[in-house]
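The values are calculated or read from the model by the stated rules, or taken from the named source; none is laboratory data. These numbers come from a predicted model, not from an experiment. Positions of Cβ are generated from backbone atoms using ideal geometry, with glycine treated the same way; all protein chains shown enter the neighbour counts. Keep in mind that these areas ignore ligands, DNA and RNA; they rest on the heavy atoms of the full protein, side chains included. Shrake-Rupley method; radii C 1.70, N 1.55, O 1.52, S 1.80 Å.
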Amino acid sequence: MVRRITVLLVLVLVTSGCDRDAPMLLVKAVAVGVPSLAPFFDESQGLGHDTAVRSLPAPGSLQQGDTPGLYGGTKQPGICDVEQLREFLTDPRNHRKARAWGDVFGITTDGIPDFLDRLTPVLLRHDTLVKNHDYKKEKAVPFDSLLQAGIAVLVDEQGVPAVKCSCGNPLLPFTGDTDRIDVEFPPGDTAWKGYDRSSVVAVRPASRQLERLALVDVHEPDRGITRPVGTTGEKDTSFSTRKMRVVPDLAGSTSGAASRRLAAVGLRAGGWPPWGWPPPMTERGGRRTTPWSPRPTRRPGNVCGSGST
C-alpha cells in the first residue's frame, strides 16, 4: 500500500508541472520601441505607439483576459492604427503576407477585416509572454517572446494579445511553463531597466466573449478607462480606481455566473485587480465594500506550478 501511494504521488508531481528536470524554454525579449528584425509591417509607418511603463508585480503568472486592470490605456487613445493595418493586409500587393498572417489565426484573407473589427488596442502593464511570429520566406515563423510592459497590442474578444501594433506581427497565447523560461535579451543588454521576474505574466482567454475592457491609465493610475471591445478609444469612459465597490451576494451562483457578476462591478474571481491588493473589506450601510488600491504587492503563489491565487 505504501509503495502504491508513493507511485501515485510521483505521478501527481510530474503531471502537475513540478518536474524541475524539464529543460528551460528559450524566450526572446522584445523591448519597447525596438524594431522587429523580420516584421510583417514596415514599422516606420507609425502603425503603433509604445509607451514607457514600469512593469508591475502580478498576483500569479497566469492572468485571465478579462482581469480588470490587466491592460492600460491613455487619454490619447491612438496607440494603434487599426485602419492602416487593415489597408495594408487587404492591399493585393501584400496578399502573400496577408495569407501568412491569417494562417496564424486560422482565417482566410477575406476574413481579416471582420477579425480586425473585433480587436481592441491596449498597452501592456506587465512583461507578457506570447507566441510571437516573424515573417520569413513568405511564412509566419513562430517563436516564444516576452513583450515588455508599455508595448501596444491588439487583444481579441477574450482579452488575449493578438497583434503587436508597431509591426503588425500576429500573436498567440504562450503555452509553455511560465516558471521554466530562459529569457534571452538583446546583445549588450542583459535586461531592460526595471525587469523583474515577478512581473512576468501569460494571458489565458476569458471564459466568454467580452463586451468591454477595464483598463488603467498608465500615466494616472487612479483613473480607470472602460473601453468597449472592438473600439479604438473614441467611446472610452472614465472611472475612479479608488471608488468603493460593493461585493455582490454570490451565494448559490455557479462559478461562471459568479465571475460575470464580479466582472460587472470591476472585480474578479480568485483575486483583486492587479494594480494592487486592497485592505480588508469594510461594512458600509450594511453592505460589504472594498476600495481598489493602486499600491501593488505580490502574494505568494503555489509551491509548484503557477496560476492565479
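Key figures for this structure:
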| item | result |
| --- | --- |
| Verdict on residue 203 being surrounded by fewer than 15 Cβ atoms within 10 Å (Cβ to Cβ) and in contact with a Phe, Trp or Tyr (Cβ under 9 Å, 6 or more places away or on another chain) | no |
| Selection within segment 85-103 - closer than 23 Å to residue 229 by Cβ, surrounded by fewer than 18 Cβ atoms within 10 Å (Cβ to Cβ) and not basic (Lys, Arg) | 87, 90 |
| Every residue from segment 18-74 that is open to solvent by less than 40 Å² (accessible area, probe 1.4 Å), β-branched (Val, Ile, Thr) and closer than 24 Å to residue 101 by Cβ | 27, 30 |
| Qualifying residue in segment 50-57 (condition: modelled with pLDDT under 95, out of contact with any Lys or Arg (no Cβ under 8 Å at 6 or more places or on another chain) and over 23 Å from residue 224 (Cβ atoms)) | no |
| Subset of segment 131-164 (residues that are open to solvent by less than 10 Å² (accessible area, probe 1.4 Å) and outside any strand (DSSP E or B)) | 149, 150, 151, 159, 160 |
| Residue count for segment 186-221, restricted to those that are in a loop (DSSP other than H, G, I, E, B) and at pLDDT 90 or above | 12 |
| Selection status of residue 118, touching a Leu at 6+ places or on another chain (Cβ under 8 Å), under 23 Å from residue 236 (Cβ atoms) and at pLDDT 95 or above | no |
| Contacts under 7 angstrom Cβ, first residue in segment 157-168 being more than 15 Å from residue 100 (Cα to Cα), partner crowded, with 21+ Cβ neighbours inside 10 Å and among the charged types (D, E, K, R), 6 or more apart | 159/66; 166/50 |
